[in-house]
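Asks: Dropping a structure here in C-alpha cells format, bear with me for questions.
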Amino acid sequence: MDLLKIYKKILLIRAVENKLDQLFKKGLVYGTAHFCIGQEFIPVVVSQHLRKEDAVTSTHRGHGHALSKDLDVKKFLAELLGDPRGYNTGKGGSQHVSSIDNNFFANGITGGMVPIAVGIAFANKYKQNDNVVVAYLGDGAMTEGYVLESLNMAAALKLPILFICENNFYAMSTHIKKTHSSDINKKAEAFGIKSALVPDNNYKLLYEIAEEFINDTRKGIPHFIEVQTYRHKGHSKNDQNLYRDKSEEQYWFNKDVALIIEDELLSNKYTIEDINLIKTEIDTFVDKISEELIQQGSDIDIDLFKHIYNETK
Ligand SMILES: Cc1ncc(C[n+]2csc(CCOP(=O)(O)OP(=O)(O)O)c2C)c(N)n1
Ligand SMILES: [Mg+2]
C-alpha cells in the first residue's frame, strides 16, 4: 500500500472542500454542498485497486469519489463553482458531477445512482469485458426500495458490481438506530451477496478487503462492503451538527485516517518538515487553481442561481 499517495490524495480532497467552504462564505458560490472530510479515505483506498475503465457511481457526498477517480481538479472545482468550464458546464454543481471519460457518474437522489450502477454492470457483463462498477451509497440510502431491488437484481443476474456503503451513522440528523432494524452488511447477505464489515475507519482492512472483493467482482460476482466511518462536518454546508454527541464526535476525530497515516509516515522515514511541505504544496495548488478560475471569470449569470441559494441556505 502506497501510504504517501493515499495521504496526499486525502489532503487534496480536504483542500478542495475547504476551499469550496471558503468560497461559499465569501459569497462566490451559491447552492449547497455535502462535505466528505473524515470519510474521504474510503474512495481513496478503494481506487488503488481500480482501473480507468472501471465505473464509479457516486452520491450527493461525492467530492472524494470524483477526485479519487482522477477527475481534473480545476475542471472539477469549476463545476462546483457553477462555472461553464466545469465537467458539466457548471449546471450539475457539487451533486451532479459526471465524466464519461473517467467513467464517473453522480446524482443527488439518495441511492439514486445504485440502479444505474446495476445497469452499467449489466452492460459490462453483456459486452463480456472484465470491468467492475463500484457503487457508493450511504446508510440512509440502504433503506430505499430501489436500492434493495438493485441488490436483488445484481445477485440474481450475477453482475460485476461492488456496493460500498459508507455508514456514517446518520442520514441528515437521523441516527441509524431509528431507521435500520438489522446490520447493514447483513442485509446484503440476505440477497446472497458476499459482504464484509470494515469498522472504525480501518483503512488497512478496507485496502485488503477491497483488493480481494474487486478481483472476485471482475469474475462476475457481486460484493458488498459496509465501512463504518464519520463525517467531520455537518450533513450539508449550514448544518451545525446539533444532534450529535460531542464525545461521539471526539471518538471519531481521534480515528481520523489522515492523522493516523501522518503518524505512520512520521514514525517511518518522513520528518515534520516533509509533512509540512506536502501540506503547503497541496494548499498552494488548490489556492492557485481557485484564484485562476475566479480571476479569469466566466460568462455565468450568477443571479440565475440566487433563488437556489435562498431555498437551500
Ligand atoms: C430520494 C431522496 N430522498 C431524500 C433526499 C434528501 N436527502 C439528501 S441527503 C439525505 C440523507 C442521506 O443519508 P445517507 O444515505 O446516510 O448519506 P450521507 O448523507 O450520510 O452521506 C437525504 C434524506 C434526497 N436527496 N433524495
Ligand atoms: Mg449516512
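The values are calculated or read from the model by the stated rules, or taken from the named source; none is laboratory data. On a predicted model such as this, the values are computed, not experimentally measured, just so you know. Cβ coordinates were reconstructed from backbone atoms using ideal geometry, including for glycine residues, and neighbour counts include every protein chain displayed.
Asks: Among the residues of the range 45-72, count how many are within 16 Å of ligand 1 (Cβ to nearest atom) and in contact with a Ser or Thr (Cβ under 6 Å, 6 or more places away or on another chain).
Replies: 2
Asks: Ok, one more. Gly192 is checked against (1) part of a loop (DSSP other than H, G, I, E, B); (2) within 16 Å of ligand 1 (Cβ to nearest atom) and fails just one. What number does that condition carry?
Replies: (2)
Asks: Quick test for you: out of Ala141, Ala155, pick the one residue that is out of contact with any strand residue (DSSP E or B) (no Cβ under 6 Å at 6 or more places or on another chain) and within 16 Å of ligand 2 (Cβ to nearest atom).
Replies: Ala141
Asks: Could you pull out the residue among Leu265, Leu277, Leu197, Leu259 that is at pLDDT 95 or above, within 16 Å of ligand 2 (Cβ to nearest atom) and out of contact with any Pro (no Cβ under 9 Å at 6 or more places or on another chain)?
Replies: Leu197
Asks: Determine whether the range 115-138 contains at least one residue that is within 16 Å of ligand 2 (Cβ to nearest atom) and assigned to a loop (DSSP other than H, G, I, E, B).
Replies: There is no residue in the range 115-138 that is within 16 Å of ligand 2 (Cβ to nearest atom) and assigned to a loop (DSSP other than H, G, I, E, B).
Asks: Could you give me the residue pairs with C-beta distances under 9 Å whose first residue belongs to the range 153-172 and is in contact (Cβ under 8 Å) with a residue 12 or more places away in the chain, whose second residue is of a type in the set (Lys, Arg) and more than 16 Å from ligand 2 (Cβ to nearest atom) wherever it lies, and which are 6+ apart or on separate chains?
Replies: Listed pairs, sorted by first residue: Leu157/Lys125; Lys158/Lys125; Leu159/Lys125; Pro160/Lys125; Pro160/Arg218; Pro160/Lys219.
Asks: Just give me the residues in the range 107-120 being in contact (Cβ under 8 Å) with a residue 60 or more places away in the chain and among the aliphatic types (A, V, I, L, M), in sequence order.
Replies: Correct list: Ala117, Ile120.
Asks: Mind listing whichever residues of the range 171-183 are near ligand 1 (Cβ under 10 Å from one of its atoms) and either of a type in the set (Phe, Trp, Tyr) or in a helix (DSSP H, G or I) (or both)?
Replies: Across the range 171-183, the qualifying residue is only Ile176.
Asks: Right, something else. Hey, could you check the range 63-79 for residues that are part of a loop (DSSP other than H, G, I, E, B) and over 20 Å from Ala121 (Cα atoms) and say which is farthest from the chain's Cα centre (by Cα)?
Replies: Checked the range 63-79; the qualifying residue farthest from the chain's Cα centre (by Cα) is Asp72.
Asks: Could you list, in sequence order, the residues of the range 17-48 that are under 30 Å from Thr271 (Cβ atoms) and more than 13 Å from the chain's Cα centre (by Cα)?
Replies: Asn18, Lys19, Asp21, Gln22, Gln48
Asks: State whether one or more residues within the range 227-248 are assigned to a helix (DSSP H, G or I), within 15 Å of ligand 2 (Cβ to nearest atom), modelled with pLDDT of 95 or more and surrounded by fewer than 15 Cβ atoms within 10 Å (Cβ to Cβ).
Replies: Within the range 227-248 (the criterion being assigned to a helix (DSSP H, G or I), within 15 Å of ligand 2 (Cβ to nearest atom), modelled with pLDDT of 95 or more and surrounded by fewer than 15 Cβ atoms within 10 Å (Cβ to Cβ)), the answer is yes, since at least one residue qualifies.
Asks: Here is a follow-up. What tally of residues in the range 210-226 results from selecting those that are buried (at least 20 other Cβ atoms within 10 Å of the Cβ) and either farther than 28 Å from Ala33 by Cβ or more than 16 Å from ligand 1 (Cβ to nearest atom) (or both)?
Replies: 6
Asks: So, one more: Could you tell me whether the range 76-89 includes any residue that is within 18 Å of Ile214 (Cα to Cα), in contact with a helix residue (DSSP H, G or I) (Cβ under 8 Å, 6 or more places away or on another chain), at pLDDT 95 or above and crowded, with 18+ Cβ neighbours inside 10 Å?
Replies: no
Asks: Within the range 125-150, restricting attention to residues that are more than 19 Å from His180 (Cα to Cα) and in contact (Cβ under 8 Å) with a residue 40 or more places away in the chain, which residue is nearest to ligand 1 (Cβ to nearest atom)?
Replies: The qualifying residue nearest to ligand 1 (Cβ to nearest atom) is Ala135.
Asks: Out of curiosity, is Ile109 β-branched (Val, Ile, Thr) and either more than 13 Å from ligand 1 (Cβ to nearest atom) or within 23 Å of Phe285 (Cβ to Cβ) (or both)?
Replies: Answer is no for this residue.
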